[in-house]
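Below: one structure, written as structure tokens.
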Amino acid sequence: MAERVIETDGIELCTESFGDPADPPVLLIMGLGASMLWWEEGFCRMLAAGGRFVIRYDHRDTGRSVTYAPGRPGYTGADLVADAVRVLIAHEVPAAHVVGVSAGGALAQLLALDHADRVLSLVLISTSPAVPDRGELPADLPPPTEEFVRFVSATPVDRPDIDSVIDQQVAYARVLAGGRRRFDEDGARALVRRDVERARDVDAARNHDSLTDGQVPEAPLSSIAVPTLVIHGTADPMFPLRHGEVLAERIPGARLLALEDAGHGVDRADWPTVAAAILDHTAQVVSFGSCRPGKIRQMHT
């Protein structure tokens, strides 16, 4: 395990890797407003123990990456997609298996559309279509649950101290968990505290709430040509299961793994199942040598 801050194009991004750089690379993209710590270390180590070189990183305005003035991020969602490429280049990885959760899953889709030569395969967790297909989004995508909407609507803007920030984020984690399983409040609180205490600026992540999309690819989801696995909890309150089903329907050859009673994100109880699914999925694509982007050979086994 090695954490380091990379600087590219004047942008500082904090990254961390696990495993042997000679193993097939897996890039983990977290959702907006969350640092790389939400790809928990134990989960990353499971993937590394399965023979993968795992890279996680802090988005801008999270963790130890660059921060911007509140309300003035100065970057777009498209820039966050480009940051994923920057991380791969810094780690001398021509292309990787890309795993994205929540909005990180949307960034992963955009990465596959705009930088196809950088993506060996996709794993999309707790997410939704990032672009219209055939000019439109499906009409049957259900909205978030009423409980989720109530919580977000009632979330206070002012957070007077660190403890109130932690309380709010733990409460949010509880809502995201979906309510069908026992919620590990102690584990969530410990993770949130580490995240808050590690951040350069705990309020900077709010900039993600005001991000514009930037330049979005015109290609439809059906043009994604890499092996894709969709993983979705049946109790996801932000993106109900139908969102994952639509992704699996619209990306050619995609498979859907539904996690019974799981909420939004990767619950510790599901680590063995999700890690095994990712290892199996990424084993389908073998990259040879240190090929340059655009010259990557793939073999499907």
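Using 15 Å as the cut-off for backbone N distance, which residues of region 38-52 belong to the label zone defined by a point 7 Å from the Cα of Asp20 along Cα→Cβ?
Answer for region 38-52: 47-52.
Specify the residue with the greatest mean-square fluctuation among His208, His232, His97, computed from a Gaussian network of the chain linking alpha-carbon atoms under 10 Å apart.
Looking only at His208, His232, His97, the largest GNM fluctuation is found for His208.
How far is the Cα center of region 247-289 from the Cα center of region 33-101, in Å?
So the separation of the two Cα centres works out to 18 Å.
Pull out the extension gain between Arg268 and Arg174, defined as 0.36 nm times the separation in residues minus the alpha carbon to alpha carbon distance; nm, one decimal.
Length gained between Arg268 and Arg174: 32.5 nm.
Kindly put Thr234, Thr15, Thr62 in sequence by how many other C-beta atoms sit within 10 Å of each C-beta, fewest to most.
Result, fewest neighbours first: Thr234, Thr15, Thr62.
Using 1/(1 + (r/R0)^6) with R0 = 30 angstrom and r between the beta carbons of Ala49 and Arg182, what's the FRET efficiency to the nearest 0.05?
Efficiency computed from Cβ-Cβ geometry: 0.65.
When the Karplus curve 6.51 cos²θ - 1.76 cosθ + 1.60 is applied with θ = phi - 60°, which whole-Hz ³J(HN,Hα) does each residue of region 3-10 get, with x for Gly and Pro?
With coefficients 6.51, -1.76 and 1.60, one gets 9, 8, 9, 9, 10, 8, 6, x Hz.
Counting only DSSP beta bridges with both residues in region 2-294, what percent are antiparallel, rounded to the nearest 5?
For region 2-294, the DSSP antiparallel bridge percentage is about 35.
Please give the Cα centre distance for region 215-232 versus region 158-213, rounded to the nearest Å.
So the separation of the two Cα centres works out to 29 Å.
Based on DSSP H runs of at least 4 residues, each adding -39500 (n - 2.57), what is the mean residue ellipticity at 222 nm of the chain after dividing by all its residues, to the nearest 500 deg cm²/dmol?
-9500 deg cm²/dmol
Over region 2-294, what number does the Rg to Rh ratio reach, with both radii from the alpha-carbon atoms and Rh per Kirkwood?
0.93
Please compute the modelled spin-label separation between Asp140 and Asp261, points set 7 Å along Cα→Cβ, answer in nm with one decimal.
2.7
Output needed for region 28-150: three equivalent-ellipsoid semi-axes, defined as square roots of 5 times the C-alpha gyration tensor eigenvalues, in descending order, whole Å.
Listed largest to smallest, the semi-axes of region 28-150 are 23, 19, 17 Å.
Using Cβ counts within 10 Å as a stand-in for footprinting exposure, how do Tyr75, Tyr57 rank, fewest first?
Tyr75, Tyr57
Order these by the 10 Å Cβ neighbour count, fewest first: Ile231, Ile166. Could the numbers behind the result be given before it?
Values: Ile231 27, Ile166 19.
Placing the least packed residue first, the sequence is Ile166, Ile231.
Every number here is computed from the coordinates shown, using simple stated rules; none is lab data. Model, not experiment: these values are computed from the prediction. FYI the Cβ positions are ideal-geometry reconstructions off the backbone, even for glycines, and counts take in every protein chain you see.
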